Amino acid sequence: MTTIKVVEADITTLKVDAIVNAANTGLRGGGGVDGAIHRAAGMAELNAACAKFHGCRTGEAVITPGFKLPAKYIIHTPGPVWHGGNHNEDQLLANSYQHSLELAAQNNCRDVAFSSISTGVYGFPLERAAKIAIKTIRDFIQKDDSLKEVIICAFDPRTAKAYRQAIAE
Ligand code: ADP
């Protein structure tokens, strides 16, 4: 059985098999969690590894080593930018979780920690994103129980609360 839990932490400190980065389609690093991950993993090495993919489409995911991070792998997924909700944002966000989970499982990960994809600068409404994230994770782990734990790594109490609420519903 796979468990889902919420922690409040800096994702770059987590010793898990994989962390999931809220990337951008250029995979070039940026602000927010993406910048923190690139700095902590080592800019030069991670940028070189990311450059090989020539970008990543919204809702897709790619995997690199974790380099200097305690995590073994980094899964990079560009979530959707919120444009009001009528631009396929819900489906694209679900795709980001789905493809990241698939990559984690394919790489024999036992545990994976997600950042709160799209709810920072990309402006996706938090409660709505949390519901989509938890539903997608639950649907996945029902079919594939190779992961032992899926962690949502929140960086602030409001985010932690939204995902805890979505789990409780
Ligand atoms: P996006 O562009 O997909 O919205 P952001 O990086 O702007 O991504 O925000 C996604 C979430 O990551 C936000 O909840 C933000 O507070 C959080 N975040 C920022 N830095 C970190 C970090 N070091 N560890 C975990 N989460 C972080």
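The values are calculated or read from the model by the stated rules, or taken from the named source; none is laboratory data. Quick caveat, the model's predicted, so the values are computed rather than measured. No Cβ is skipped: glycine too gets one built from the backbone with ideal geometry, and neighbour counts run over all protein chains shown. Keep in mind that these areas ignore ligands, DNA and RNA; they rest on the heavy atoms of the full protein, side chains included. Shrake-Rupley method; radii C 1.70, N 1.55, O 1.52, S 1.80 Å.
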From DSSP H assignment alone, runs of 4+ in the chain each adding -39500 (n - 2.57), the sum over residues rounded to the nearest 500 puts [θ] at 222 nm at -12500 deg cm²/dmol
If you place +1 on the Cβ of every Lys and Arg and -1 on the Cβ of every Asp and Glu, how big does the dipole about the Cα centre of the chain come out, in debye to the nearest 20?
-> 180 debye
Expected field for Glu102, accessible surface area in Å² at 1.4 Å probe radius, rounded to 10, holds 60 Å²
How do Asp111, Asp139 rank by accessible surface area computed with a 1.4 Å probe, from largest to smallest?
-> Asp139, Asp111
Computed over region 1-136, protein heavy atoms only, probe 1.4 angstrom, the accessible area per residue in square angstrom equals 45 Å²
Between Ala71 and residues 5 or more places away or on another chain, which pairs have amide H atoms under 5 Å apart, with H built 1.01 Å from N, and which residues are they?
-> Val16
Checked against the positive end of the charge dipole of the chain (+1 on Cβ of Lys and Arg, -1 on Cβ of Asp and Glu, about the Cα centre), the farthest of Tyr163, Ile117, Ile74 is Ile74
Heads up, I need the accessible area for Leu103: 1.4 angstrom probe, whole protein in place, Å², nearest 10.
-> 30 Å²
For region 1-101, just say rounded, prolate or oblate: build the C-alpha gyration tensor, square-root its eigenvalues into a ≥ b ≥ c, call rounded for a/c under 1.5, and beyond that prolate if a/b exceeds b/c, oblate if not.
-> oblate
Could you run the Karplus curve 6.51 cos²θ - 1.76 cosθ + 1.60 with θ = phi - 60° over region 145-161 and give me ³J(HN,Hα) per residue in whole Hz, x for Gly and Pro?
-> 9, 6, 7, 8, 8, 10, 10, 9, 9, 8, 9, 8, x, 5, 5, 4, 5
So, over other residues within a Cβ distance under 12 Å of Val16, counting Lys, Arg +1 and Asp, Glu -1, the net charge is +2
Loop-only check: which trypsin sites (Lys or Arg not before Pro) in region 1-55 are DSSP coil with at most 13 other Cβ within 10 angstrom?
-> Lys15, Arg28, Lys52
Counting only backbone N atoms under 18 Å from a point 7 Å out along Cα-to-Cβ of Asn47, the residues of region 56-77 in range are 56, 64-69
Starting from the Cα-Cα distance between Gln165 and Lys72, subtract it from 0.36 nm times their residue separation and give me the gain in nm to one decimal.
-> 30.5 nm
Of all DSSP beta bridges located in the chain, what percent are antiparallel, nearest 5?
-> 15 percent
